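Below: one structure, written as structure tokens.
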Amino acid sequence: MKIPKSIQKIFKEDSAVAFGTANLDGNPNINMIGIKKIQDDETIILADNYFNKTLANVQKNNKGTILTKRAEDKLWYQLKGTYEYINEGPEYEALKQWAKSIKEIYPAKGMVIFKVEKI
């Protein structure tokens, strides 16, 4: 699903988005992600800097949600979709360089490639 330009703008301006995952038993977890970007009209990249429960969930369940907001306008958008996790290979290395260019001290241990399916 294409992410409307208006939501892309809010996502880009949002300092951190909430990334929701669940384990196979349905127990939810939310992690705030500050190193993130819109890769194309349907894809979002999230950097794994300090995933713990999130990483365990990502490795077992490929469905999740991202919440982005512009609080002053009371605009909140939930993007639902599927994702893959990468932590090696040329695509990961390119994304790691991008993440490090934003904040060198973060480890960028892996990347979530999130495909939006519903807003």
Quiz item: Which one of Lys109, Lys63, Lys103 is surrounded by 15 or more Cβ atoms within 10 Å (Cβ to Cβ) and basic (Lys, Arg)?
Solution: Lys109
Self-check item: Which numbered condition Glu104 misses (of (1) among the acidic types (Asp, Glu); (2) free of Cβ contacts under 8 Å to residues at least 12 places away in the same chain; (3) within 22 Å of Asn27 (Cα to Cα))
Solution: (3)
Self-check item: Residue satisfying condition, being acidic (Asp, Glu), out of contact with any Asp or Glu (no Cβ under 9 Å at 6 or more places or on another chain), farther than 26 Å from Lys2 by Cβ and exposed (fewer than 12 other Cβ atoms within 10 Å of the Cβ), within set Glu88, Glu72
Solution: Glu88
Practice problem: Name the single residue, out of those in the stretch 21-35 being surrounded by fewer than 18 Cβ atoms within 10 Å (Cβ to Cβ) and not polar (S, T, N, Q), that is nearest to Ser101 (Cα to Cα). | Solution: Gly34
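Since every read-out is calculated from the coordinates, none of them should be taken as a lab result. Note that this is a predicted model, so its numbers are computed, not measured. Heads up, the Cβs are rebuilt from the backbone with ideal geometry, glycines too, and the neighbour counts pull from every protein chain shown.
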